[in-house]
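Asker: Below you'll find the structure I mean.
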Amino acid sequence: MIQSFIIILLIFFICVTIILLLNKKRLDKKLYFLKKAQKELKSLNMAKSEFLANMSHEIRTPMNAILGFADLLKGHILEPKYKKYLNGILSGGKTLLSLINDILDLSKIESGKMELCPEPSDIHSIINDFQNMFCVIKKEKNLTFNIKITNQVPKFVVIDETRLKQILFNLIGNSFKFTEQGIITLKVDGQQKQDQKKEIDLFFEVIDTGIGIPKKQQQIIFEAFKQQNGQSTRKYGGTGLGLTITKKLIEIMNGAITVESETQKGSIFKFFLPDIKIVEEIVEIKERSDEWSQVIFENPVILLFEDVESNQDIVRGYLEDHNVTLVIACNGKEGIELAFSIKPDLILMDLMMPIMDGYEAIRFIKNNKDISNIPIIALTASSVSRNEDRLKSQWDDYLRKPVNQKQLINTLSKFLPHQTKKQIYKVIELAPLEFDKLSKSDMDSLKAKFIPLWKTVAQLMCNDDILNFANQLIDYSKNIRHNYLESYAMDLYNSAKSYDIDNMTEQFNDFPNIIQKYEEE
């Protein structure tokens with residue numbers, strides 16, 4: 001009886017062991033396939049990132065030419081009809097770039113490669129800048145746009161300014177897009193932590209009186225490529241990525257976003273960013289300057305490594321009024337030879353070139369003591385580069401294509417001695433000013449060039465347009481050596497630059513009176 005029991009027990013243990021071994025084998029097989037799937041998924045993600053990087057480069061290269069030449073032409077064409085055509089080119093190009101940037105940002109976030117760069121920033125200036133950003137569409141749609149910042153929000157905080165602007169631009173932009181009448185409001189509040197007096201939680205609300213969102217769809221709108229049912233893509237446009245990226249950026253910053261909405265009554269998007277460090281004072285706050293067009297360099301020699309002729313022409317056009325000598329090399333090998341012979345003051349380095357690319361050229365230059373001290377600004381159309389992280393320590397700065405004139409001049413100003421036209425004009429401002437007469441030919445050219453421009457700018461009264469008007473009038477006055485006009489243009493420029501709306505409006509509206517006074521002389 002005992003022997004039979006022992007035999008049965010042994011058989012039972014043998015069966016259990018066999019079952020366990022079989023299950024282990026199945027489990028190992030499942031683990032094998034799971035690891036294989038994870039490896040394939042990682043490989044697919046890498047392939048996707050590589051594809052997006054290549055796509056970015058291939059699209060940005062021709063877009064650099066399209067937007068660059070359109071930007072250059074815009075400064076020389078005053079006829080409203082043709083200027084409207086150029087604005088259409090620029091608008092369409094910027095929309096395409098925005099789509100590319102959205103896709104790349106989403107890819108970076110999903111792959112965990114999105115890095116925040118918090119820096120001491122003037123948050124009041126960041127917030128108030130949005131009044132100027134949306135001034136055109138506000139006038140076009142006859143909407144009211146209010147910004148309210150409570151006393152609880154400190155002036156200086158440590159935050160990623162670029163990403164905060166991206167979040168607010170998406171939310172406020174949506175409000176303007178989906179609101180046909182009424183009010184849009186941006187509210188910013190803060191709550192200081194009791195145990196951490198140097199940290200604050202920031203609370204943001206974007207409120208509109210737009211078309212609203214049905215309750216069932218209020219979570220769908222945060223999903224990638226999803227838009228509200230019944231939303232007219234033809235009318236409103238968009239890709240369905242803006243709110244997805246916004247939500248993910250807020251979550252990366254350890255915050256959260258919610259929406260309250262009712263159809264035909266409007267929406268309220270609320271988000272908060274916790275544990276933001278407060279800065280009492282910023283000794284070297286980043287300059288918020290619109291003076292790039294006033295920069296005059298002290299005749300430096302700049303060596304441009306660039307094989308695409310259209311890109312060469314764009315850089316040449318951007319620099320032609322800034323007192324620069326530009327030398328061009330069509331590949332890395334030719335550029336290095338020129339670097340040794342002319343010893344330029346600065347190098348603009350395209351990274352994708354034949355014979356010797358920019359990566360290899362940078363390594364060669366920085367490893368040669370005779371030319372290693374020359375500042376190098378890299379130019380790249382790619383979004384992600386396998387060599388970029390390693391080479392960031394070797395170049396001095398970099399610009400992402402398509403590069404606009406303001407970005408280029410501001411970046412060059414970091415490395416090259418320069419002064420501004422405003423400084424040059426100080427001597428004129430100190431001299432007693434009289435109402436100088438204008439010759440008939442100067443009077444005719446002044447009216448032909450600036451009266452149509454004044455009428456166009458007067459329709460929207462946008463700050464940037466008035467700055468451009470003042471700049472052109474400064475250049476014109478300098479060419480005809482007319483002190484009174486130059487002084488008027490400088491005063492208008494300074495009022496617009498400092499957002500002194502009352503003086504700016506009064507001075508700008510006085511321009512036809514000045515013309516009339518000259519005609520009566």
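Asker: Quick check: anything in region 296-312 out of contact with any helix residue (DSSP H, G or I) (no Cβ under 7 Å at 6 or more places or on another chain), without any contact (Cβ under 8 Å) to a residue 60 or more places away in the chain and under 30 Å from ASN132 (Cβ atoms)?
Answerer: No - not one qualifying residue is present in region 296-312.
Asker: If you don't mind, another one. Name every residue in region 331-367 that is closer than 11 Å to LEU303 by Cβ, more than 29 Å from the chain's Cα centre (by Cα) and open to solvent by less than 50 Å² (accessible area, probe 1.4 Å), in order of residue number.
Answerer: GLY335, ILE336, LEU338, ALA339, PRO344, ILE365 - these are the residues of region 331-367 that are closer than 11 Å to LEU303 by Cβ, more than 29 Å from the chain's Cα centre (by Cα) and open to solvent by less than 50 Å² (accessible area, probe 1.4 Å).
Asker: Please find, within region 163-206, the residue that is surrounded by the most Cβ atoms within 10 Å (Cβ to Cβ) out of those that are within 19 Å of ILE127 (Cβ to Cβ) and among the basic types (Lys, Arg).
Answerer: Residue satisfying both the conditions and the ranking: ARG163.
Asker: So how many residues does region 258-272 have that are of a type outside the set (Asp, Glu) and open to solvent by 50 Å² or more (accessible area, probe 1.4 Å)?
Answerer: Here is the first cut: in region 258-272, the residues of a type outside the set (Asp, Glu) are 258-259, 261, 263-272.
Within this subset, residues satisfying the condition of being open to solvent by 50 Å² or more (accessible area, probe 1.4 Å) are 258, 263-265, 270, 272.
Residues meeting the conditions: 6.
Asker: Return yes or no: is GLY255 over 30 Å from LEU67 (Cβ atoms) and surrounded by 15 or more Cβ atoms within 10 Å (Cβ to Cβ)?
Answerer: On the way: over 30 Å from LEU67 (Cβ atoms): yes; surrounded by 15 or more Cβ atoms within 10 Å (Cβ to Cβ): yes.
Against the criterion (over 30 Å from LEU67 (Cβ atoms) and surrounded by 15 or more Cβ atoms within 10 Å (Cβ to Cβ)), GLY255 qualifies.
Asker: Go through the residues of region 104-117 one by one and say whether even a single one is among the small types (Gly, Ala, Ser), at pLDDT below 85 and assigned to a helix (DSSP H, G or I).
Answerer: Of all residues in region 104-117, those among the small types (Gly, Ala, Ser) come to 107, 111-112.
Going one step further and asking which of them are at pLDDT below 85, we end up with 107, 111-112.
If we keep only those that are assigned to a helix (DSSP H, G or I) as well, we get 107.
Yes, because at least one residue in region 104-117 is among the small types (Gly, Ala, Ser), at pLDDT below 85 and assigned to a helix (DSSP H, G or I).
Asker: Are any residues in region 287-311 open to solvent by 20 Å² or more (accessible area, probe 1.4 Å), more than 19 Å from the chain's Cα centre (by Cα) and either modelled with pLDDT of 85 or more or not hydroxyl-bearing (Ser, Thr, Tyr) (or both), and if so, which ones? Spell out the reasoning first.
Answerer: The first filter runs over region 287-311 and keeps only residues open to solvent by 20 Å² or more (accessible area, probe 1.4 Å), leaving 287-293, 296, 298-299, 301, 307-310.
Imposing the further condition that a residue be more than 19 Å from the chain's Cα centre (by Cα) reduces the set to 296, 298-299, 301, 307-310.
Result: ILE296, GLU298, ASN299, VAL301, ASP307, VAL308, GLU309.
Asker: Within region 152-172, restricting attention to residues that are in contact with a Gly (Cβ under 9 Å, 6 or more places away or on another chain) and part of a loop (DSSP other than H, G, I, E, B), which residue is farthest from ILE184 (Cα to Cα)?
Answerer: For region 152-172, the residue satisfying everything is PRO154.
Asker: Under 7 Å between Cβ atoms, which residue pairs at least 6 apart in sequence (or on different chains) link something in region 176-196 that is among the hydrophobic types (A, V, I, L, M, F, W, C) with a partner that is open to solvent by 60 Å² or more (accessible area, probe 1.4 Å) and in a strand (DSSP E or B)?
Answerer: If the second residue must be open to solvent by 60 Å² or more (accessible area, probe 1.4 Å) and in a strand (DSSP E or B), the pairs left are ILE183/THR144.
Asker: Could you go through region 406-429 and let me know if any residue there is closer than 24 Å to MET504 by Cβ, in contact with a strand residue (DSSP E or B) (Cβ under 6 Å, 6 or more places away or on another chain), surrounded by 14 or more Cβ atoms within 10 Å (Cβ to Cβ) and modelled with pLDDT of 85 or more.
Answerer: yes
Conditions (1) assigned to a helix (DSSP H, G or I); (2) touching a strand residue (DSSP E or B) at 6+ places or on another chain (Cβ under 8 Å); (3) at pLDDT 55 or above, marked per residue:
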position: ALA224; (1), (2), (3): no, no, yes
position: GLN231; (1), (2), (3): no, no, no
position: LYS235; (1), (2), (3): yes, no, no
position: THR239; (1), (2), (3): no, no, no
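The values are calculated or read from the model by the stated rules, or taken from the named source; none is laboratory data. Keep in mind the model is a prediction, meaning the values are calculated, not measured. Cβ coordinates were reconstructed from backbone atoms using ideal geometry, including for glycine residues, and neighbour counts include every protein chain displayed. These accessible areas exclude ligands, DNA and RNA; they are computed on the full protein's heavy atoms, side chains included. Shrake-Rupley method; radii C 1.70, N 1.55, O 1.52, S 1.80 Å.
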